[in-house]
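Rule-based calculations on the coordinates, nothing more; no lab input. Computed from a predicted structure; not experimentally measured. Neighbour counts are summed over all protein chains in view; Cβ atoms, including those assigned to glycine, are modelled from backbone coordinates with ideal geometry.
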Amino acid sequence: MTVDVRRSVSLETAAEWLDTTAETIARMVARGELAGHYLRRQRRVYVDSIVAYQDGHAIAPKAPPAPVAVKRRHAAETAAAAALKQFGIRP
């Protein structure tokens, strides 16, 4: 018979991993953002809930900007621009 045991860490360790305080981790557990349990009198947080929290709050990389469409001139527009340039109206 095999028993699957979820690994857990103390609030302090979870706080260190998430770069916050143990009080913040306790509030996150109370709000249901992290799953935890008591071991004797010590509150602990399940490691898989920390990983799930990080995955759910990951910042996606920004997509590259869309390429700018090049506006093509019609033949008449090109001819008109050339004529204006001949008369010195357009540089």
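Here are the numbers for the structure shown:
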| quantity | calculated |
| --- | --- |
| Along each principal axis, Cα extent of the chain, largest first, Å | 92, 36, 19 |
| Relative packing of 8-19, 53-64, 27-38, which averages over residues the other C-beta atoms within 10 Å, highest first | 8-19, 27-38, 53-64 |
| Theoretical gain in end-to-end length, E23 to R72 [0.36 nm per residue, Cα-Cα removed] | 11.5 nm |
| 5 angstrom amide H check on G36, placed H, neighbours 5+ away | Y46 |
| Unit charges at the beta carbon, dipole of the range 1-76: most positive-side option, H74, G32, V45 | H74 |
